[in-house]
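The values are calculated or read from the model by the stated rules, or taken from the named source; none is laboratory data. This is a predicted model, so every value here is computed, not measured. FYI the Cβ positions are ideal-geometry reconstructions off the backbone, even for glycines, and counts take in every protein chain you see.
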Amino acid sequence: MKIDFEHGQAAHCESGVTSNLLKKISNGKITEPLAFGIGAGLFYVYVPLIKINNGPAIAFRSMPGFIFNRTCKSLGIPVIQKKFSSKEKAEAALMESLEAGQPVGAQVGVYYLSYFPKEYRFHFNAHNLIVFGKEGDNYLISDPIMEHATTLTSYELERVRFAKGALAPKGQLYYPGNQKEITDDQIRSAIKSGIKKNAFNMISIPGPFAGVNGIRYTGNKIKRWRDKLGLKTAGLYLAQLVRMQEEIGTGGGGFRYIYAAFLQQANDYLPNPTLLQASEMFTQAGDMWRTAAVQAAGIYKGRIGSQEDFDVMGNYLLEIAEIEKKAFTLLKNIKW
Amino acid sequence: MKKENVPQDLSSLGKITKEVCYATDSDGKYVTQLSDGWDVKITALDVAWQEIDGRIAGAKQKVLNNEASPLLFFMELRLMDLSILADYTGFWKWQIKRHLKPDVFNKLSEKDLKKYAEAFNVKVDELKSMDVHED
């Protein structure tokens, strides 16, 4: 059984899945950057006191599930979202949707995801893919990270749907609750709401750890890592930061380029010079994140490593925090 | 980032699929551009794996010295901490801590060993011998 569904590659798994699930009812208008921006996908958080893979817990994006939910809600589309207590029920629900002709988004863990290269398999449970049919024992899989559609056996799919650990997917499935066509007016109002929400998340969440405050906090912390952790561990921490920023699915520059692309596309629906100005600022921020990554690589490769090198690294983040703060302040103050 | 500056350093992922990047064309308009990978992040991943390989080797030595049961080796090999392993097996964390002692591990029932073997995706005799063959 195969549903009429077109696989599309994307930079980021969740905005890709969202865009692909909405492709038909939006006539392809909900591109990946639009899904990312309407879903208020841009974020930064330094989670204190927690270690991931023996390094700092840092994220450049919002919580898994957030983008799909937020995008649909902003567009006025009801969301069907289910988690399961048993593997049997989880598979039965999937089959039921497929038989009804509905491609289904699924949250999975990547550790046992067989088509991923071994080097990329960590216990990361916030990956997303679409199931769009079944042939024999093989489920047809559209993973937005991959150039082409692929397959998983029923055992392999069950295993990744029931991956364990932090943010365990519990078989989670999701899809849009109706198939009404999306109008340009809906898109315009969703863009405004997404920008507002994202500005709030980046500049108005209180406390030092989230949004631009979190970037500044990390910058100041990095300057102390060399003394506090020693050169080797400090290098490992920086490598972890770079991985979160540039690893599969960010589109480069810790999602900043996708966001800049979103603002350009937003300008097509709601022409406003401030959108283009902010877009350029996020391009600049993305470039600076990448410059910082090159500096970090110098340290974890052992090419450089003085306190001054750590200060340079930390200061990049302080500068980035300033740019992003200015950009979101501009966006927040747009009179629509 | 300009389209022509999107890095093309072949990574282990690049051999399987190229990655989508967002970059600007000559008019400053955002387009997508496929990338083979980027040296900076390839090294970041290498550094992480070198650290993990060191931990796996250390764990293996501890097991050979009879200071820990093979569970320690497999936990490092599969990047699992106590809570992930507890979730996969259904054991409590304190039980797993006990099973990390060689004496206790050697007395585990076949049924309990199977739970661990399944969580680590190996066979029971591989679990005991640490002799795993993978590609």
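A few points about this structure:
- Restricting attention to the stretch B:1-27 and to residues that are more than 8 Å from every other protein chain (Cβ to nearest Cβ) and under 25 Å from A:L34 (Cα atoms), the residue that is surrounded by the most Cβ atoms within 10 Å (Cβ to Cβ) turns out to be B:P7.
- Which numbered condition B:L72 fails, given (1) touching a Pro at 6+ places or on another chain (Cβ under 9 Å); (2) surrounded by 20 or more Cβ atoms within 10 Å (Cβ to Cβ); (3) away from chain A (no Cβ under 12 Å); (4) of a type in the set (A, V, I, L, M): (1)
- Test: residue in the stretch A:172-179 that is in a helix (DSSP H, G or I) and more than 14 Å from every other protein chain (Cβ to nearest Cβ): no
- Residue in the stretch A:249-271 that is farthest from the chain's Cα centre (by Cα), counting only those that are facing another protein chain (nearest Cβ under 7 Å) and not small (G, A, S): A:Q264
- Evaluation of A:T150 against the conditions (1) among the polar types (S, T, N, Q); (2) within 14 Å of another protein chain (Cβ to nearest Cβ); (3) in contact with a helix residue (DSSP H, G or I) (Cβ under 9 Å, 6 or more places away or on another chain) shows that the sole unmet condition is (3).
Quick grid of which residues meet (1) at pLDDT 95 or above; (2) surrounded by fewer than 24 Cβ atoms within 10 Å (Cβ to Cβ):
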| residue | (1), (2) |
| --- | --- |
| A:I203 | yes, yes |
| A:G211 | yes, no |
| A:R226 | yes, yes |
| A:I248 | no, yes |
| A:A260 | yes, no |
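- Which numbered condition A:S114 misses (of (1) buried (at least 20 other Cβ atoms within 10 Å of the Cβ); (2) under 28 Å from B:L82 (Cα atoms); (3) within 14 Å of chain B (Cβ to nearest Cβ); (4) in contact with a helix residue (DSSP H, G or I) (Cβ under 6 Å, 6 or more places away or on another chain)): (1)
- Helices (runs of 4 or more DSSP H) enclosed by the stretch B:46-135 - at least 1 residues per element that are β-branched (V, I, T): B:82-89, B:93-99, B:102-106, B:124-129
- Scanning the stretch A:134-147 for residues that are touching a helix residue (DSSP H, G or I) at 6+ places or on another chain (Cβ under 9 Å) and surrounded by fewer than 19 Cβ atoms within 10 Å (Cβ to Cβ) yields A:D137, A:N138.
- Residue within the stretch A:156-168 that is farther than 29 Å from A:S86 by Cβ, out of contact with any helix residue (DSSP H, G or I) (no Cβ under 6 Å at 6 or more places or on another chain) and of a type in the set (G, A, S) present: no
- Given (1) more than 10 Å from chain B (Cβ to nearest Cβ); (2) out of contact with any strand residue (DSSP E or B) (no Cβ under 9 Å at 6 or more places or on another chain), number of the condition A:Y237 does not satisfy: (2)
- Residues satisfying the criterion are absent from the stretch A:307-326 (criterion: touching a residue at least 40 places away in the same chain (Cβ under 8 Å), in contact with a Phe, Trp or Tyr (Cβ under 8 Å, 6 or more places away or on another chain) and closer than 16 Å to B:Y30 by Cβ).
- Only listed residue being over 21 Å from the mean Cα position of the chain (by Cα) and among the β-branched types (V, I, T), chosen from B:V104, B:V122: B:V104
- Some residue of the stretch B:40-50 being within 23 Å of A:E247 (Cβ to Cβ), touching a strand residue (DSSP E or B) at 6+ places or on another chain (Cβ under 9 Å) and either surrounded by 14 or more Cβ atoms within 10 Å (Cβ to Cβ) or within 14 Å of another protein chain (Cβ to nearest Cβ) (or both): yes
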